[in-house]
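Bear in mind that the values in this text are calculations on the coordinates, not laboratory data. All figures in this text were calculated on a predicted structure; none of them were measured in a lab. No Cβ is skipped: glycine too gets one built from the backbone with ideal geometry, and neighbour counts run over all protein chains shown.
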Ligand code: BV8
């Protein structure tokens, strides 16, 4: 088994204290997607959207990687083949653990200019009046992929999925596309598939194997088993 692709979601960072989206009482119970996570929301009320991401950026800045993040960094470092870590998460906890993920939905740590597409490291607090460091237009926004926008690095992600031997999804509800469709792409390409989650998800029936429990327990054990020399 040479090439592994791992898709992670908010459940990977839940035990680091960052809210998931769809668990009871979490983010989408407190905010409407239409108010804070679409281009139309940003056009309508950029200050509200910046406040939402300023709050999430502050929470992410005070969070620490948990054993699941560290286990994925270990797998990426010690696995003899290729490990592609695709995350839907916008926190920097995988990097903080020493991993190199693909942030398909963007990153709280980055900002982009809606006028000239210049990208830079986001300040702790952003506001609609911030001038772009490159073109000075007051058109700065979080470098986040909102609903209706194309996720980042899709070609690179699909190419890795189409050639992988093992596809695993960790801590994601399988409700957001195109990420939720990746497991079918992996199955069609002949990969083994495994889901690691606290509970079942909307895509559970598509997986060959299921490992249930909190990520900080099941991910280190799963990585340990993968790294065991085959007898
Ligand atoms: C697009 C922003 C088109 C950043 C996010 C079919 C095909 C294509 C698109 C669509 C389609 N149908 C509908 C669409 C549109 C839409 C979509 O999917 N809507 C859904 C709601 C139906 N998709 C899009 O708009 C995407 N763009 O399609 O563009 C296009 C084409 C051409 C040209 C231009 C455009 C863009 C989607 C990205 C949106 N941005 N985030 C932010 O604010 O964070 S999505 C958001 O949901 C987050 O990124 C999040 O990561 C993601 C997925 O959620 P999860 O990570 O799974 O989190 P959730 O809370 O749902 O679940 C948590 C899980 O963890 C649970 O399973 C739980 O059991 C588990 N868990 C909890 N605790 C633990 C745990 N597991 C283990 N241990 C624990 N301790």
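Observations, loosely collected:
- Residue 209-residue 121 FRET efficiency (beta carbon distance; Förster radius 25 Å; 0.05 resolution): 0.05
- Order by protection proxy (mean Cβ within 10 Å, highest first), peptides 73-84, 119-130, 94-105: 94-105, 73-84, 119-130
- Here the chain carries DSSP beta bridges of which approximately 25% are antiparallel, counting only pairs with both residues inside.
- Once the C-beta distance of residue 224 and residue 136 is scaled by a Förster radius of 41 Å, the resulting FRET efficiency is 0.20 to the nearest 0.05.
- Diffusion coefficient, µm² s⁻¹, Stokes-Einstein with Kirkwood Rh over alpha-carbon pairs of the chain at 20 °C and 1.002 mPa s: 117
- Every Cα-Cα pair in the stretch 109-158 was counted, and those over 11 Å apart are 69% of them.
- Fully extended contour minus Cα-Cα distance, from residue 114 to residue 189, at 0.36 nm per residue: 23.3 nm
- Tilt relative to the chain, helix 67-78 - C-alpha long axis, 0 to 90 degrees, to 10: 70
- Sorting 230, 26 by the number of Cβ atoms found within 10 Å of their own Cβ, with the fewest placed first, yields 230, 26.
- DSSP-defined antiparallel bridges as percent of all bridges, the stretch 1-119, nearest 5: 10
- Once C-alpha pairs closer than 8 Å and six or more residues apart are averaged by separation and normalised to the residue number of the stretch 110-192, the relative contact order reads 22 percent.
- Residues 90, 145, arranged from fewest to most other Cβ atoms within 10 angstrom of their Cβ, appear as 145, 90.
- Packing-based exposure ordering (other Cβ within 10 Å, fewest first) of 147, 52, 182: 147, 52, 182
- For the chain, the longest principal axis of the C-alpha atoms and the axis of helix 46-61 are separated by about 40°.
- Label-to-label distance for residue 154 and residue 96 is 3.1 nm, based on points extended 7 Å past Cα in the beta-carbon direction.
- Pairwise centroid distance, computed over Cα atoms, of the stretch 117-189 with the stretch 85-104, Å: 11
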